[in-house]
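Heads up, the thing below is written out as structure tokens.
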Amino acid sequence: MQGSSLPPGLCFLLCFFGAMTPKIKASCANCPPNASCVNNSHCTCNSGYVSGSGQKLFTFPLETCNDINECEPPYSVYCGLNAACHNVKGSFYCRCVPGYRLQSGEERFSNSSGNTCQDTNSSKTTQGRKELQKIVDTFESLLTNQTLWRTEGRQEISSTATTILRDVESKVLETALKAPEQKVQKIQNSSVAVETRVITDNCSEDRQTFNLNVQMNSMDIHCNDVIQEDTQGPSAVAFISYSSLGNIINATFFEETDEKDRVFLNSQVVSAAIGPKRNVSLSKSVTLTFQHVKMNHSIKKVFCVYWETTKQGGLWSRDGCFLIHVNKSHTMCNCSHLSSFAVLMALTSQEEDPVLTIITYVGLSLSLLCLLLAALTFLLCKAIQNTSTSLHLQLSICLFLAHLLFLVGIDQTESKVLCAIIAGALHYLYLAAFTWMLLEGLHLFLTARNLTVVNYSSINRLMKWIMFPVGYGVPAVIVAISAASRPHFYGTANRCWLHLDQGFIWGFLGPVCAIFSVNLVFFILVFWILKRKLSSLNSEVSTIQNTRMLAFKATAQLFILGCTWCLGFLQVGPAARVMAYLFTIINSLQGFFIFLVYCLLSQQVQKQYQKWFREIVKSKSESEAYTLSSKMGPDSKPSEGDVFPGQVKRKY
């Protein structure tokens with residue numbers, strides 16, 4: 001190849017990559033400690049380390065790789081029962097706690113798979129574990145006794161919970177101190193988890209802090225606070241977690257927040273105690289780490305609280321507890337005393353759109369007027385009074401009362417009792433409106449199904465027999481069941497409506513979705529029947545035309561009262577704002593659409609309106625004529641130029 005020349009393009013590529021090679025090597029040479037080069041272009045932290053920026057690949061020369069503590073949240077490696085996690089640079093290891101060892105004889109292991117820490121004195125361990133397990137199972141039966149908690153009032157619930165918390169701590173510490181040779185014990189079932197640790201000697205430099213873990217919750221307590229120098233014998237510390245107690249002593253027992261904040265308990269309830277003397281105050285604060293029950297990003301406030309014993313029983317208080325750190329999965333708190341603890345959170349309240357508020361109030365006001373006119377029309381217009389009109393009348397009455405109560409009482413949250421009553425009434429009225437809509441769909445289907453029958457008396461008798469018990473009875477049963485099961489879910493901090501917690505809102509949405517689905521089936525069947533009948537019409541044309549008009553009106557009503565509620569489910573993502581406006585506009589004008597379809601577009605009603613208008617004009621004319629005649633007197637004669645109302649002046 002000597003003396004040969006390279007093509008210009010290939011020469012350019014070689015020069016380009018030749019110039020770039022030193023730069024690539026330079027970037028890999030600048031990787032920080034505990035990092036490796038990837039593809040000669042980027043750096044990545046070694047296993048057991050994480051970059052300060054959180055990026056897996058980076059080129060920034062000042063980036064650092066920090067050690068991952070696998071023994072603390074959010075990693076919290078589980079080493080198994082009677083074993084503890086120990087962090088080292090770039091890694092971790094598990095080790096049996098004092099009094100336990102691996103069957104293989106090794107001191108360290110990487111995970112709990114196939115490694116079980118066994119007690120060196122199995123007979124005493126078995127007896128101690130049995131006693132502790134018996135205590136845990138006994139109190140589990142109390143915590144899961146739904147009859148006990150449902151029959152008690154608020155004060156009785158707090159008193160019972162306070163007694164249970166105190167008794168569990170005493171029994172657990174007493175059992176742990178009976179077997180001081182059992183340094184660490186861990187017991188759990190579906191409701192309660194316990195870890196105890198017994199200290200028989202003084203604190204040392206490598207044992208300044210004890211870490212206890214139960215059900216992904218942890219506690220760090222200083223050794224000097226556990227050891228009680230003024231008492232002889234061993235000391236013990238207990239850490240207990242309750243998975244279901246938070247549903248009993250929930251956020252309703254917390255009174256140190258704004259009523260507008262929607263506060264909920266978002267952790268398990270944990271208890272911490274030391275013995276044999278039940279000291280509460282500490283020389284150094286205890287650090288508690290809670291795993292969240294729900295991962296929620298729209299958090300407004302976080303409260304570290306403890307269960308304070310009062311004359312009325314107990315309540316959640318923030319005294320002596322402070323928030324250290326919170327992320328989407330865990331919360332860390334510092335508390336200056338021992339007790340039972342939990343984490344309360346307040347969700348960010350959704351800001352109201354003033355335009356939507358104006359649309360709602362204007363649209364509902366117009367609907368109220370139209371519903372009132374429609375109801376009067378259905379009552380006074382004898383030409384249209386039939387079973388279908390009766391259904392329209394009851395629907396209009398329910399919607400009128402529901403909209404009126406919504407405008408007047410939806411924001412009456414000052415009184416919790418009044419707000420709950422308003423929420424229950426709205427629940428009933430709106431369910432009743434949808435139930436009457438279901439009856440209209442059923443009546444439409446029965447009418448179409450019996451097109452060949454001249455006598456409709458059987459259909460009318462059936463509808464008259466079932467419509468009132470179903471129209472007003474079924475919603476009453478649903479509301480009664482909802483109120484009896486969870487009455488405290490009626491009324492929220494911001495609105496007098498149903499709570500969203502624990503799916504309670506489905507006491508309304510469930511029947512609504514079911515009614516919409518059934519009506520949709522009815523309408524499809526009606527259209528199918530009409531299509532078959534249209535091809536064989538002779539003398540039944542008028543009957544079919546009436547039924548087609550009824551089908552058109554019912555379809556319009558399904559759109560007004562059914563489909564538009566589906567827009568509420570579509571208020572997510574980029575189109576949420578558009579759907580919110582459509583939902584508000586259409587649903588606030590329900591009364592107007594009903595008046596338009598069933599009154600203004602009805603020929604019979606139009607004729608009745610014209611008749612009423614002529615009668616009003618005639619009555620007004622006669623009244624004016626009588627008034628003018630009275631002014632002239634009985635003996636007076638009209639002049640030549642006088643013309644009475646209704647009289648035409650003639651020219652000759």
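The values are calculated or read from the model by the stated rules, or taken from the named source; none is laboratory data. None of the values given here were measured: they were computed from a predicted structure. Positions of Cβ are generated from backbone atoms using ideal geometry, with glycine treated the same way; all protein chains shown enter the neighbour counts. Each accessible area value is taken on the protein alone, full model and side chains, heavy atoms only, with ligands, DNA and RNA left out. Shrake-Rupley method; radii C 1.70, N 1.55, O 1.52, S 1.80 Å.
How many residues does the stretch 92-115 contain that are surrounded by 15 or more Cβ atoms within 10 Å (Cβ to Cβ), modelled with pLDDT of 75 or more and of a type in the set (S, T, N, Q)?
0
Does Ala342 qualify as being in a strand (DSSP E or B) and either under 30 Å from Pro74 (Cβ atoms) or modelled with pLDDT of 90 or more (or both)?
In short, yes.
Quick check on my filter: what residues within the stretch 405-425 are open to solvent by less than 70 Å² (accessible area, probe 1.4 Å) and more than 18 Å from Tyr472 (Cβ to Cβ)?
Across the stretch 405-425, the qualifying residues are Phe406, Leu407, Gly409, Ile410, Asp411, Thr413, Ser415, Cys419, Ala420, Ile422, Ala423.
Which condition from (1) open to solvent by less than 70 Å² (accessible area, probe 1.4 Å); (2) out of contact with any strand residue (DSSP E or B) (no Cβ under 7 Å at 6 or more places or on another chain); (3) modelled with pLDDT of 80 or more; (4) farther than 28 Å from Pro234 by Cβ is the one that Ala161 breaks?
(2)
Taking Cys65 and the conditions (1) touching a residue at least 24 places away in the same chain (Cβ under 8 Å); (2) hydrophobic (A, V, I, L, M, F, W, C); (3) surrounded by fewer than 17 Cβ atoms within 10 Å (Cβ to Cβ), which numbered condition does it fall short on, given that it satisfies the others?
Among (1) touching a residue at least 24 places away in the same chain (Cβ under 8 Å); (2) hydrophobic (A, V, I, L, M, F, W, C); (3) surrounded by fewer than 17 Cβ atoms within 10 Å (Cβ to Cβ), the lone unmet condition for Cys65 is (3).
Please verify whether Ser458 is modelled with pLDDT of 90 or more and either open to solvent by 30 Å² or more (accessible area, probe 1.4 Å) or part of a helix (DSSP H, G or I) (or both), treating the condition exactly as stated.
no
What number of residues within the stretch 164-212 satisfy the criterion of being within 30 Å of the chain's Cα centre (by Cα) and crowded, with 21+ Cβ neighbours inside 10 Å?
Residues in the stretch 164-212 being within 30 Å of the chain's Cα centre (by Cα) and crowded, with 21+ Cβ neighbours inside 10 Å: 3 in total.
Kindly indicate whether Glu174 is among the charged types (D, E, K, R) and over 23 Å from Thr331 (Cα atoms).
yes
Working only within the stretch 461-481, note down all residues that are open to solvent by less than 30 Å² (accessible area, probe 1.4 Å), in contact with a Ser or Thr (Cβ under 8 Å, 6 or more places away or on another chain) and modelled with pLDDT of 90 or more.
Gly471, Pro475
Report yes if some residue within the stretch 461-476 is more than 18 Å from the chain's Cα centre (by Cα), in a helix (DSSP H, G or I) and over 22 Å from Leu446 (Cα atoms); otherwise report no.
yes
Run Gln385 past the list (1) more than 40 Å from the chain's Cα centre (by Cα); (2) open to solvent by less than 20 Å² (accessible area, probe 1.4 Å); (3) not aliphatic (A, V, I, L, M) and report the number of the one that doesn't hold.
(2)
Going through the stretch 584-601 one residue at a time, which ones are more than 26 Å from Asn386 (Cβ to Cβ) and open to solvent by 50 Å² or more (accessible area, probe 1.4 Å)?
Within the stretch 584-601, Ile585 is the sole residue that qualifies.
All but one of (1) over 26 Å from the mean Cα position of the chain (by Cα); (2) within 22 Å of Ile240 (Cβ to Cβ); (3) surrounded by 15 or more Cβ atoms within 10 Å (Cβ to Cβ) hold for Arg318, so report the exception by its number.
With (1) over 26 Å from the mean Cα position of the chain (by Cα); (2) within 22 Å of Ile240 (Cβ to Cβ); (3) surrounded by 15 or more Cβ atoms within 10 Å (Cβ to Cβ) applied to Arg318, the lone miss is (1).
Applying the selection to the stretch 75-91, what residues are open to solvent by 90 Å² or more (accessible area, probe 1.4 Å) and modelled with pLDDT of 80 or more?
Listed by number, the list holds a single entry, Lys89.
Hey, does the stretch 58-75 have a residue that's more than 22 Å from His330 (Cα to Cα), of a type in the set (Phe, Trp, Tyr) and part of a loop (DSSP other than H, G, I, E, B)?
The answer is yes, given that some residue of the stretch 58-75 is more than 22 Å from His330 (Cα to Cα), of a type in the set (Phe, Trp, Tyr) and part of a loop (DSSP other than H, G, I, E, B).
Return yes or no: is Val362 open to solvent by 70 Å² or more (accessible area, probe 1.4 Å) and either free of Cβ contacts under 8 Å to residues at least 60 places away in the same chain or not in a helix (DSSP H, G or I) (or both)?
no
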